[in-house]
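*Asks:* Can you read through this structure? Questions will come right after.
Each reported figure results from applying straightforward, stated rules to the coordinates on display, with no laboratory input. Values in this document were obtained by computation on a predicted structure and should not be read as measured data. Note that each Cβ is placed from the backbone with ideal geometry, even for glycine, and that neighbours are counted across all protein chains shown.
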Amino acid sequence: MAEKIQPTGVADTSDAASLLRFENVRVTFDGDDEKPALNGVSFNVRRGETRILLGAAGSGKTVLLKTAMGLECATGGRVFLFDEDVTHKSERELFDIRAKVGMLFQESALFDSMTVAQNVAYPLLNQKAVSMPRDKMEPAVRSSLRFVELEGQMGKYPSELSGGMRRRVAIARAVVTNPPLLLYDSPTAGLDPITAHTIMALIVKERDKDNTTALVVTHRYQDGNLVANFRYNPNSGHLDPVGPDGTKTIFMVMKEGKLVFEGSQTELEANRDPYVMKFVKQPQSEAA
Amino acid sequence: MLDALKGPVKSVQDFCVLSGGALRNVFRKPHYADDILLQMETIGVGSVPIVMITGFFSGAVMAMQMGRGLQDYGQTGRTGQFVSIILVRELGPVLTAVMVAGQNSSGIASEIGSMEVTEQIDAMRALGTDPVQKLVTPRMIATAIMLPCLTILDDFIGMIGGGIMAKVLFAVPGRQYWSTVWRALAWSDVGQGLTKPFMYSFAVSLIGCYYGLRTTGGTQGVGRATTQAVVTASVLIFIMDFFIGRIFLWISQLGQ
Ligand SMILES: Nc1ncnc2c1ncn2[C@@H]1O[C@H](COP(=O)(O)OP(=O)(O)OP(=O)(O)O)[C@@H](O)[C@H]1O
Ligand SMILES: [Mg+2]
């Protein structure tokens, strides 16, 4: 297995089960081999880890998440989800594996012909692997919406919500089946600092409540900082700071389809690559 | 030269794959009955007004022109016969299909297209549904049921329009008009008049879905997909009309 950079200085998870593994993955579009969207990407997400994926616009973050879900096909290399090779699986075979992954899409991707409640109920109704009796669905939808504090908006349509609320509904839809792995695509993009903080707090809360593994795409360093250094306190309902390396958070940086950095926050801050440094040396004023 | 053909050939191939998938899903679970009913309502009920209006005026125009021609031979009494044959065999199916394509191929393409560019199609796949099963097959079934019904409506309203014109312009008594209308129709005409819309329905729905699903490039792309869907569906309807007409002619010649 080609693991180029072994993260060090992070709480050791190397014996934990692998939930998502990329092996030298390459993705090209329309046979354009000159500029692949993903180029030789390898990494391994183990149970209990949170991965922060940083990268400029167009560096391939969304493509990476979609490839992980089997929504885009890898043209080279192999992708493993829950130790199953999904690279060449048929759509029907993929449905059962995808049911174990929750995904937040960049633009929320709520179904705009359905109400908020119907959107959140959608995975419960349509994922065959989730066999939930009908009378349990309503409470599940309710509790998922309560988690994102939108229980009062059940009957609204997505077009009647603000961008931040839509993002929260999409999170509720992603977590309603309690998947062990969550993929968040740019959860804070285009939001004001306060709303962005609310969303990131939800992600931390979800991680600490159900002990889920997550891959979070973002271009804001402070999002990663929050995930790495804060923990949800179920008693106070607030985020409390934790000591150094208290959470299993690993940072990854992408540049033009390549993974150029993988390691802990300390390593990231010590990195002298000009591209990587740009992501770290952001104005910290609006940090949590 | 071969490279120039690659694009169109690939498109036709993709379209055939989509059509094959949609047809196969008719016999495969899960079935989304709610979506079929919803689409039947959108396509059927939504198109009734335009179908009635075009039907009425096309029938009226035909009676007007036919009557004038027949006047020279003193045969205005047979206006109904011509109106009914042309409406049922040709004009009704084609006009209805083109009108429904204008309204629904575009509607389908823009709806599915916006779902594509806002990642809703990806979300569907991520959440355990096959977009072809959930979106394409219900639209295909709904159109295949509704288009023949709309064509019957169009034919009938067209005959009424023709009857009114025949009475007003050429003083053909209503009773005579309707009896010539009924007598003119053979079973093969009715068969042809219902086979055509059934076949066209696939052009209307599948072309709309095809362009919708391959939409790229944001809202602008949705606009492009919509236009392409209407144009392609309409052209395809005329081409199919020729070939289906040809086949029926051949069958009728065989019978003789
Ligand atoms: N469906 C597609 N067809 C063709 N090219 C694509 C497609 N999707 C993505 N790409 C290309 O792949 C590259 C990576 O895109 P991607 O959406 O992953 O960027 P990103 O890192 O998510 O950027 P952003 O931060 O703006 O969301 C881009 O150059 C893009 O043009
Ligand atoms: Mg993106």
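*Asks:* Where is the GNM fluctuation largest for chain A (alpha-carbon springs, 10 angstrom cutoff): A:ASP85, A:ASP30, A:ASP192?
*Replies:* Looking only at A:ASP85, A:ASP30, A:ASP192, the largest GNM fluctuation is found for A:ASP30.
*Asks:* What ³J(HN,Hα) values, in whole Hz, does the Karplus curve 6.51 cos²θ - 1.76 cosθ + 1.60 give for the stretch A:160-165 when θ = phi - 60°, with x put for Gly and Pro?
*Replies:* 8, 9, 7, x, x, 5
*Asks:* What list of ³J(HN,Hα) values in whole Hz, one per residue of the stretch B:44-55 in order, does the Karplus curve 6.51 cos²θ - 1.76 cosθ + 1.60 (θ = phi - 60°) give from phi, with Gly and Pro shown as x?
*Replies:* These are the phi-based 3J(HN,Hα) values: x, 5, x, 9, 4, x, 5, 5, 5, 5, 5, x Hz.
*Asks:* For the protein assembly as shown, with only Lys/Arg (+1) and Asp/Glu (-1) charged at the beta-carbon, what is the dipole magnitude about the Cα centre, in debye rounded to 20? If you can, show how the numbers build up before the last one.
*Replies:* Values: 53 positive and 53 negative charges, 213 e Å.
It works out to roughly 1020 debye.
*Asks:* Continuing with this model, one more query. For the stretch A:113-238, give the magnitude of the charge dipole about the Cα centre (Cβ charges: +1 Lys/Arg, -1 Asp/Glu; no others), in debye to the nearest 20. Walk me through the numbers before you get to the answer.
*Replies:* Working: 15 positive and 11 negative charges, 36 e Å.
With Lys and Arg at +1 and Asp and Glu at -1, about 180 debye.
*Asks:* Express the relative contact order of chain A as a whole percentage, based on alpha carbon pairs under 8 Å and six or more residues apart in sequence.
*Replies:* Rounded, it is 24 percent for chain A.
*Asks:* When a/c is below 1.5 the answer is rounded, else prolate if a/b is larger than b/c, else oblate, so apply that to the stretch A:29-107 with a ≥ b ≥ c taken from the square roots of the Cα gyration tensor eigenvalues. Before the final figure, lay out each step's value.
*Replies:* Details: a/c = 1.58, a/b = 1.18, b/c = 1.35.
Note, shape of the stretch A:29-107 comes out oblate.
*Asks:* Follow-up question, since we're still on this one. Partner chain Cβ atoms within 10 Å, averaged over the residues of B:113-126 - can you pull that number for me? Intermediate results must be reported in sequence, preceding the final value.
*Replies:* Values: counts 0, 1, 4, 0, 1, 8, 11, 8, 2, 8, 15, 4, 8, 18.
That average works out to 6.
*Asks:* Name the residue farthest towards the positive end of the dipole of the protein assembly as shown from the options A:LEU239, B:THR180, B:THR137, assuming +1 on Cβ of Lys and Arg, -1 on Cβ of Asp and Glu, about the Cα centre.
*Replies:* The residue sitting farthest along the positive end of the dipole is B:THR180.
*Asks:* Counting only C-alpha contacts under 8 Å and six or more residues apart, can you give the relative contact order of the stretch B:88-189 as a whole percent?
*Replies:* On the way: 32 pairs, mean separation 38.0, N = 102.
Over the stretch B:88-189, the number comes to 37 percent.
*Asks:* Return the loop-located chymotrypsin sites (Phe, Trp or Tyr not before Pro) in the stretch A:204-271 (DSSP other than H, G, I, E, B) with at most 15 other Cβ atoms within 10 Å of their own Cβ; answer none if there are none.
*Replies:* Numbers: sites: A:TYR221, A:PHE230, A:TYR232, A:PHE251, A:PHE261; in loops: none.
Passing sites in the stretch A:204-271 do not exist.
*Asks:* Here's another thing I want to ask about it. Ignore the peptide's own chain and count Cβ atoms of other chains within 10 Å of each Cβ in A:253-266; give me the average, rounded. Don't skip to the answer; put the middle values down first.
*Replies:* On the way: counts 0, 0, 0, 0, 0, 0, 0, 0, 0, 0, 0, 0, 0, 0.
Whole-number average of other-chain Cβ neighbours for A:253-266 is 0.
*Asks:* Let me ask something else about it. Quick one: of the DSSP bridges fully inside the protein assembly as shown, what percent are antiparallel, nearest 5? List each step's numbers first, then the result.
*Replies:* Values: 22 of 40 bridges.
If we restrict to bridges inside the protein assembly as shown, about 55 percent are antiparallel.
*Asks:* Of the listed pairs A:LYS255/B:LYS10; A:LYS205/B:LYS134; A:LYS156/A:LYS209; A:LYS66/B:LYS134; A:LYS156/A:LYS205; A:LYS100/A:LYS209, which have alpha-carbon separations greater than 23 Å here? It would help to have the intermediate numbers written out before the result.
*Replies:* Numbers: A:LYS255/B:LYS10 32 Å; A:LYS205/B:LYS134 34 Å; A:LYS156/A:LYS209 27 Å; A:LYS66/B:LYS134 20 Å; A:LYS156/A:LYS205 25 Å; A:LYS100/A:LYS209 17 Å.
Listed pairs above 23 Å: A:LYS255/B:LYS10; A:LYS205/B:LYS134; A:LYS156/A:LYS209; A:LYS156/A:LYS205.
*Asks:* Note the direction-averaged projected area, equal to a quarter of the hull surface, for the Cα convex hull of the protein assembly as shown, in nm². Could you put the intermediate results ahead of the total?
*Replies:* Details: hull surface 129.6 nm².
Its average projected convex-hull area is 32.4 nm².
*Asks:* With r as the distance between the Cβ atoms of B:VAL231 and B:ARG68 and R0 = 41 Å, compute the FRET efficiency 1/(1 + (r/R0)^6) and round to 0.05.
*Replies:* Values: r = 34 Å, r/R0 = 0.82.
Rounded to the nearest 0.05, the efficiency is 0.75.
*Asks:* What is the distance, in nm, between label points placed 7 Å from the Cα along the Cα-to-Cβ direction at B:VAL17 and at B:TRP178?
*Replies:* Label at B:VAL17, label at B:TRP178, 5.5 nm between them.
*Asks:* Using the alpha-carbon centroid of each, what span in Å lies between the stretch B:98-136 and the stretch B:199-256?
*Replies:* 17 Å
*Asks:* Quick check: residue separation of B:ILE244 and B:LEU38 times 0.36 nm, minus the Cα distance between them. What number comes out in nm?
*Replies:* Values: separation 206, 0.36 × 206 = 74.16 nm, distance 3.00 nm.
The span from B:ILE244 to B:LEU38 would gain 71.2 nm if fully extended.
*Asks:* Give or take rounding to whole Å, what are the principal axis extents of the alpha carbon atoms in the stretch B:1-83, in descending order?
*Replies:* 59, 47, 21
*Asks:* Shifting gears a bit: Can you order the peptides A:62-74, B:42-54 by their average number of other Cβ atoms within 10 Å per residue, highest first?
*Replies:* On the way: A:62-74: 22.1, B:42-54: 17.4.
Per-residue mean Cβ counts within 10 Å order the peptides as A:62-74, B:42-54.
*Asks:* Rounded, prolate or oblate: which one fits chain A, using the alpha carbon gyration tensor with axes a ≥ b ≥ c (rounded when a/c is under 1.5, else prolate when a/b beats b/c, else oblate)?
*Replies:* Details: a/c = 1.56, a/b = 1.19, b/c = 1.31.
It comes out oblate by the Cα gyration axes.
*Asks:* Further question: Quick one: check the C-alpha center-to-center distance for the stretch B:1-67 versus the stretch A:193-246, whole angstrom.
*Replies:* 50 Å
*Asks:* Using modelled backbone amide H atoms (1.01 Å from N, in-plane), which distant-in-sequence or interchain residues come within less than 5 Å of A:ILE250's amide H?
*Replies:* Amide H to amide H, under 5 Å and 5 or more residues apart or across chains, A:ILE250 pairs with A:THR50, A:ARG51, A:ILE52.
*Asks:* Report the one residue of A:THR67, A:GLY40, B:GLY221 whose Cα lies farthest in the direction of the positive end of the charge dipole of the protein assembly as shown (charges on C-beta: Lys and Arg +1, Asp and Glu -1; origin at the Cα centre).
*Replies:* Of the options given, the answer is B:GLY221.
*Asks:* In the stretch B:1-75, which chymotrypsin sites (Phe, Trp or Tyr not before Pro) are in a loop and have at most 11 other Cβ atoms within 10 Å, using DSSP for the loop call? Can you show the working numbers first?
*Replies:* Numbers: sites: B:PHE15, B:PHE27, B:TYR32, B:PHE56, B:PHE57, B:TYR73; in loops: B:PHE27, B:TYR32, B:TYR73.
Counting only loop positions with at most 11 other Cβ atoms within 10 Å, the chymotrypsin sites (Phe, Trp or Tyr not before Pro) in the stretch B:1-75 are B:PHE27, B:TYR73.
*Asks:* Taking each residue in A:105-112, count the Cβ atoms of any other chain within 10 Å of its Cβ, then average. What number comes out? Please list the in-between numbers first.
*Replies:* Working: counts 6, 2, 5, 4, 10, 4, 6, 5.
Mean partner shielding for this stretch: 5.
*Asks:* Counting only DSSP beta bridges with both residues in chain A, tell me the antiparallel percent, nearest 5. Please list the in-between numbers first.
*Replies:* Details: 22 of 40 bridges.
Given both bridge residues lie in chain A, the antiparallel proportion sits at roughly 55 percent.
*Asks:* Per residue Cα convex hull volume for chain B, in cubic angstrom? All intermediate terms of the calculation are to be shown ahead of the outcome.
*Replies:* On the way: hull volume 42.3 nm³, N = 256.
Enclosed volume per residue, from the Cα hull, is 165 Å³.
*Asks:* Sticking with this structure for a sec: Roughly how many debye, to the nearest 20, is the charge dipole of the stretch B:31-255 about its Cα centre, given +1 on each Lys and Arg Cβ, -1 on each Asp and Glu Cβ, and no other charges? Intermediate values should be presented prior to the final figure.
*Replies:* Numbers: 13 positive and 14 negative charges, 153 e Å.
Using Cβ point charges on Lys, Arg, Asp and Glu, the stretch B:31-255 gives about 740 debye.
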